[in-house]
1. Can you give the longest run of the chain that contains no chymotrypsin sites (Phe, Trp or Tyr not before Pro) sitting in a DSSP loop with at most 16 other Cβ atoms inside 10 Å?
2. Under a crude label model (7 Å from the Cα following the beta-carbon direction), how far is residue 373 from residue 579 in nanometres?
3. Enter the angle in degrees (range 0 to 90, nearest 10) between the Cα long axis of helix 454-466 and the first principal axis of the Cα atoms of the chain, meaning the one along which they spread out most.
4. If I compute solvent accessible area with a 1.4 Å probe over the protein chains, what percent of it on the chain is carbon and sulfur?
5. Set Lys and Arg Cβ to +1 and Asp and Glu Cβ to -1, take the dipole of the range 1-103 about its Cα centre, and tell me which of 92, 21, 42 lies farthest positive.
6. Treat each spin label as a single point 7 Å out from the Cα along the C-beta direction, and report the residue 266 to residue 144 distance in nm.
7. What's the whole-number percent of alpha carbon pairs in the range 415-464 lying beyond 15 angstrom?
8. What's the FRET efficiency of residue 419 with residue 16 using the Cβ-Cβ distance as r and R₀ = 51 Å, to the nearest 0.05?
Amino acid sequence: MNGDTPVMEIRGVGEKTAKLFGKIGIATVGDLLAAYPRDFEIFGEPVKIEGAAAGEVCAVYAAVCGIPNEKRVRNLSILNVNITDGSGNLLLTFFNMPFLKKTLRQGGYYIFRGLVQHRGAVKLMEQPKIFSVEEYRSQENQLIPRYALTKGLTNLTVRKCVRQALSFYNFEPEFYDEKMIRANGLLSRKEALEFIHFPADHDTLAQARKRLVFDEFFSFLFLLRKNKEFSEQLPNGYRLSETENVTCLLERLPFPLTDAQKKVWKEIRDDCESQYCMNRLIQGDVGSGKTILAVLALLLAAANGYQGAFMAPTEVLAVQHYETIREYAEKYGLIFRTQLLVGSMTGKAKREAYEKIESGEVNLVIGTHALIQEKVQYRSLALVVTDEQHRFGVRQRERLAEKGQAPHILVMSATPIPRTLAIILYGDLHISIVDELPANRLPIKNCVVGTAYRPKAYQFIAKEVEQGRQAYVICPQVEAEEGEQGDLENVVEYTEKLKSALPPKIRIAYLHGKMRPADKNRIMEEYGAHEIDVLVSTTVIEVGVNVPNATVMMVENAERFGLAQLHQLRGRVGRGIHQSYCIFVSSNEKKETMERLQILNRSNDGFFIASEDLKLRGPGELFGIRQSGDFAFRIGDIYTDAALLKQASEAVDMLLQEDPKLERPEHGYLRQHLVRAAANGVDFRTI
C-alpha cells in the first residue's frame, strides 16, 4: 500500500464510504494520512457539577431529574433537560434531537460531556455528548484525534481507516540526510505520521507536529528561493511610462492618495520602467487603499497600449472588482475595455471572451484562475495583479510567459504579517507596505464578551437591521460533526437558532465553502443588494468582499481563531459611512483567553495585532486555534510556528550554500520529494 493506493483498498471501505471521503478531498491512502487531525480530545475524569467551570469542556456523572421538556420555534426543536449529582444542577439543551425524550430516563445516570456555560445564575451545556460509564472509561485519559468530517462520516471510521493504512503503508526512504535530522531535532517521517494520528502523550504529539510543519516550511522555502533566482533574471519586455491618462485619474479622484499610497505608487512606477520585470507585493491593512493602486497600475499598462489581468481568489470578489473598475471607467473616462472571465460562465460566453482577449479588443481581463487556462491567449499581456491569497509561482508565471513575454507581477495582501516573517515568506517578492488608513475611515468599535452576552448582541443586531444596516455572524464550522461536544458553533444550526431569536421580518441566510460556486455567488449578490439582512457564514467571507452597508460583525468561538484572522474578518465591516461594530464572543472565559482577545479591543492596527499574536501564540497551542489562511500549509501556522519557520529558513539557506542543485548522493531522495512538492505548486525545473 502506497500513497497512490485508492482508499477503497482499505478493508471496510466500500463505494459509499469512499464517496464520503471524496467529499472531503480524500481519494488515496496518501490523502488519508495527510488529513491530519484538526484537534484532539482528552476525556478527563468526570467532575462535580459544582466544580464545572464556565468555558471548560468537561464530563459530569449525573442523574436526569424531571421530564425532558421540548418546545418548537419555527423549524427548530429545543429539548431542555435538568440533571443533578448532589453537588449542583445543570441544564442541558439539545437542538433537533427530540428522540432523547425517550432515551433519557428520569432518574437514570449518564456521563454528559460538553462545554459548560453560564446564563446568569444558570449553569448549562448545549448539545453535550452522552456516554454510558463503560463507553466513557474506555476512552478516558487518551488523546483522541478529531478530524474534519462530512455528514455520514464519523471520527471512529476515519480512525479505523488511518490505523489500517499505517499498518500496511510502504513508507518511502527518509528524504533528509542524518546530519539535517540531527541538527534540527527531527523525528523520522514514519514516526511523525504515526504519532500525529495516534500520539502516546503531548510530547510525542508535539514532536510529530514539529517534523511535519518543518517539512511544509522547508519545501515551501526551498522552492521559493529557486523562484526568486528565476524571477530576478527576467528582463523587462514592457517598459511602462506614466501617461496623461494616469495623471488625469489621480487629479480627478474624490480623495487624495495618502502619503503611504504615494510612496508605493512611486515604487510601482519605478519597477515598471526598470530593466527587470516587476515582482512586487503590496502589503496593507484592510481598508488601506490597495485596490486603487492596482487600478492605477492596470491603467498604466492600458495607457501604454498593453493588456492587464486582475486575478482574484473567488468569483464573488472577481465580479466585485469587475463592477468597481467599470464604474471607475465610466465615471472618469478611463481607457479600460474590460472583460470578466470566471469558471461559472457558459461555454459560449467564455469563447466570446477568448476571442476578445486574443484580438486585443479588451485591454483588461478580470477573473479567477480561469485567466491562466490554456485556452486563454493574450495579445500583449504586460501586467498581472493577483489579489489576496493567491500568489504566483514559477509554474503560473511560465504559463503566462508562454502566452507572450513575461509580464510584470503585482501581488496584494491584506494579511498583516510582521516584517521579520514577511521577509522569509515573501522572499521572492519586493515588499511595499501601505501603513496608513484614509482619513475619512471611522474606527470600528469592538467588544470581547462571553456567551451570556448573546441575547444583548441579538438585540443590537436587530436594532441595526431596523435602521437599514446589515450584519455578519461567523461560525468556525459548516455543520455539526459526528462526535462533536457542542463546543463549536456551526453555520447550519446557528442559522436556525438565529431565526428563532430575531424578529421574523429579518431576512437571514447562510454561506459556507462547501456550497456550489453558483450558490455562493447568488448569496453574496443578494447580500450585496440588501436582499439579506444577516449573513451567517464561515470564514469564506474574509477574502475581500465589500458590502459598505454591513455594520456588525459577530464572531462566535472567537478564541478558536488567530488574532490576525479575526482582524481580517473585522475588515468586512467599517467600509461605509456608518459606524461599525465587532463583537467577539468567546466560549472559553479563562483569564488568558480573554486577555488575548482584548488585544483586538485595544487596537485596529493589523500589524500591531499580528506582532502581538506572534508573541502570544506559543508552541503549546498545537491545535485548537484555527490557522492563518494566507498560505496553503496543511498543518503549519506562521504565528504559532514562527520559530520553526526561521529554523527551516536557515536549513534551506545552509543547504543551498552546500549543494544548490541537490547533486550529492545523500540529497537524491530530497530532490525527488521536492519535485513532487513542486508538482503541486512552484515548478522545480529551475533547479
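The values are calculated or read from the model by the stated rules, or taken from the named source; none is laboratory data. Just so it is clear, the model here is predicted, and its values are computed rather than measured. Reconstructed Cβ throughout: ideal geometry from the backbone, glycine too, with neighbour counts over all protein chains shown. Heavy atoms of the whole protein, side chains included, go into the accessibility calculation; ligands, DNA and RNA do not. Shrake-Rupley method; radii C 1.70, N 1.55, O 1.52, S 1.80 Å.
1. Numbers: sites that count: 99, 171.
The longest uninterrupted stretch comes out as 172-687.
2. The modelled label-to-label distance comes out at 4.8 nm.
3. The angle comes out at about 40 degrees.
4. On the way: 14590 of 29470 Å².
C and S fraction of accessible area: 49 percent.
5. 92
6. Inter-label distance under the simple model: 6.2 nm.
7. Values: 843 of 1225 pairs.
So the portion of pairs separated by more than 15 Å is 69 percent.
8. Working: r = 50 Å, r/R0 = 0.99.
Efficiency computed from Cβ-Cβ geometry: 0.50.
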